[in-house]
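Q: Pasting in a structure now, in structure tokens, and then I'll have a few things to ask.
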């Protein structure tokens, strides 16, 4: 490089440094009143000098716009820390493990359930750490995330569950100044999952009236009481086994639902709508009266495991020790116990019930879930649905209408 090129470079804020064996380039600029010099590990060729000039121009423009961040342009520079732009060396694995420790603390102080922690741990250890463990958190790009999500090979619901702890970790990293943005915010997740996620094989498959009769006929006394009550209320499995005698109102014929049992642990509802008074039909009341002779004086819980002589601890116990054998005995095609809840909902919808009332009974905040899962059971193919919605707000608050609907089966 001749002297003229060197002088031209110096005038444009580009310094050519000569060593004993090679040359290098350093750019000069002012930032926050400080004269900064940053070396580029490039030989001082004409092409590299042109690149350095363009880079310096970008830096100056970013400074003028107020968007300049040292780590983006000079990630190894010591000045990044001087200006408060710390270059994080945390890996995704580091931050995920720290998040798990934080979740464990939340469990110990009662702000997170053990089942939620177990779910997060399975996801972190089974999906996230194997994929991102040694990845620097600042280097995870939206493009990499799109490729990874597209190759998960799971349903959309499962994909969202897997992504959830990762999104939370990125949010924390952004709030701590480790990254400038959450890369998942730049992934069009809904569109991506619609194109790449597996279709769910799970279907709403309700029991017919004849099948329900066969199940109850084949059941012993304790089983008959439990399943008859379950078919008449459509409770979630964890709500059913948490049911307590003090919360049964035989005068007003309703049951207060405010507890769920998950992984042997009592927890409150996830949403405000989950706490509710479920109206009881005369058939449900009959089941409770018969159950009184079995457990009323034994403790608070309504339904007990007859094989252990203790309250049910998990809904899996019901499936393994009672439900599977009972369906076989009754000659009924097997479906999982959650289909009892689907049966309750679909039967009410097919009978033209008030959808807002049904959503309240089932612990949903809106009728969206009802429409999504049970829309095909709406009478007349949903042609009268608009009229039903129009009248539903007024009718939902009418005790007479609710009682009439509750007894439809």
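The values are calculated or read from the model by the stated rules, or taken from the named source; none is laboratory data. This is a predicted model, so every value here is computed, not measured. Please note: Cβ atoms are built from the backbone with ideal geometry, for glycine as well, and neighbour counts cover all protein chains shown.
Rundown of residues vs (1) farther than 23 Å from residue 335 by Cβ; (2) touching a strand residue (DSSP E or B) at 6+ places or on another chain (Cβ under 8 Å), yes/no style:
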| site | (1), (2) |
| --- | --- |
| 127 | yes, no |
| 144 | yes, no |
| 183 | yes, no |
| 200 | no, yes |
| 212 | no, no |
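Q: Could you tell me which residue of region 310-337 is nearest to residue 244 (Cα to Cα), considering only residues that are in contact with a strand residue (DSSP E or B) (Cβ under 9 Å, 6 or more places away or on another chain) and not in a helix (DSSP H, G or I)? Before the answer, list the steps.
A: Residues of region 310-337 that are in contact with a strand residue (DSSP E or B) (Cβ under 9 Å, 6 or more places away or on another chain), as a first pass: 310-315, 317-318, 321-322.
From what is left, the residues that are not in a helix (DSSP H, G or I) are 310-314.
On the way: 310: 14, 311: 10, 312: 12, 313: 13, 314: 15 Å.
Among those residues, the one meeting the criterion is 311.
Q: For residues that are more than 30 Å from residue 173 (Cα to Cα) and in contact with a strand residue (DSSP E or B) (Cβ under 8 Å, 6 or more places away or on another chain), scanning just region 52-92, find the one that is surrounded by the fewest Cβ atoms within 10 Å (Cβ to Cβ).
A: Here the residue is 53.
Q: Determine whether residue 255 is in contact with a helix residue (DSSP H, G or I) (Cβ under 9 Å, 6 or more places away or on another chain), modelled with pLDDT of 95 or more and part of a strand (DSSP E or B).
A: yes
Q: Something else: Please go through (1) assigned to a helix (DSSP H, G or I); (2) surrounded by 13 or more Cβ atoms within 10 Å (Cβ to Cβ); (3) modelled with pLDDT under 95 for residue 211 and return the number of the only condition it doesn't satisfy.
A: (3)
Q: Could you please find all residues in region 344-359 being part of a helix (DSSP H, G or I) and over 25 Å from the mean Cα position of the chain (by Cα)?
A: Start the filter on region 344-359 by keeping residues that are part of a helix (DSSP H, G or I), which leaves 344-350, 355-359.
If the condition is that a residue be part of a helix (DSSP H, G or I) and over 25 Å from the mean Cα position of the chain (by Cα), then 344, 346, 347, 348, 349, 350, 355, 357 are the ones that fit.
Q: How do the pairs read when you match residues in region 236-249 that are more than 21 Å from residue 317 (Cβ to Cβ) with residues anywhere that are buried (at least 16 other Cβ atoms within 10 Å of the Cβ), using Cβ under 6 Å and keeping only pairs 6 or more apart or on different chains?
A: Filtered contacts from region 236-249: 248/255.
Q: Can you list the helices (runs of 4 or more DSSP H) lying wholly within region 114-184 that have 1 or more residues being in contact (Cβ under 8 Å) with a residue 40 or more places away in the chain and under 16 Å from residue 98 (Cα atoms)? Please lay out each step first, then the result.
A: Working: elements: 114-123, 129-132, 142-150, 156-175.
Of the helices (runs of 4 or more DSSP H) lying wholly inside region 114-184, those with at least 1 residues that are in contact (Cβ under 8 Å) with a residue 40 or more places away in the chain and under 16 Å from residue 98 (Cα atoms) span 114-123, 129-132, 156-175.
Q: Among (1) modelled with pLDDT of 95 or more; (2) surrounded by 18 or more Cβ atoms within 10 Å (Cβ to Cβ); (3) not in a loop (DSSP other than H, G, I, E, B), which single condition is residue 217 missing?
A: Tallying (1) modelled with pLDDT of 95 or more; (2) surrounded by 18 or more Cβ atoms within 10 Å (Cβ to Cβ); (3) not in a loop (DSSP other than H, G, I, E, B), residue 217 fails exactly one: (2).
Q: So, in region 263-306, exactly how many residues are crowded, with 18+ Cβ neighbours inside 10 Å and over 26 Å from residue 220 (Cα atoms)?
A: 3
Q: Here is a check on your reading of the model: is residue 49 without any contact (Cβ under 8 Å) to a residue 24 or more places away in the chain and either closer than 15 Å to residue 77 by Cα or over 49 Å from the mean Cα position of the chain (by Cα) (or both)? Working first, answer last.
A: On the way: without any contact (Cβ under 8 Å) to a residue 24 or more places away in the chain: no; either closer than 15 Å to residue 77 by Cα or over 49 Å from the mean Cα position of the chain (by Cα) (or both): yes.
So residue 49 fails the test.
Q: Would you check if residue 273 is in contact (Cβ under 8 Å) with a residue 60 or more places away in the chain, assigned to a helix (DSSP H, G or I) and not assigned by TED's automatic domain parsing to the domain that holds residue 362?
A: Working: in contact (Cβ under 8 Å) with a residue 60 or more places away in the chain: yes; assigned to a helix (DSSP H, G or I): yes; not assigned by TED's automatic domain parsing to the domain that holds residue 362: no.
It is false that residue 273 is in contact (Cβ under 8 Å) with a residue 60 or more places away in the chain, assigned to a helix (DSSP H, G or I) and not assigned by TED's automatic domain parsing to the domain that holds residue 362.
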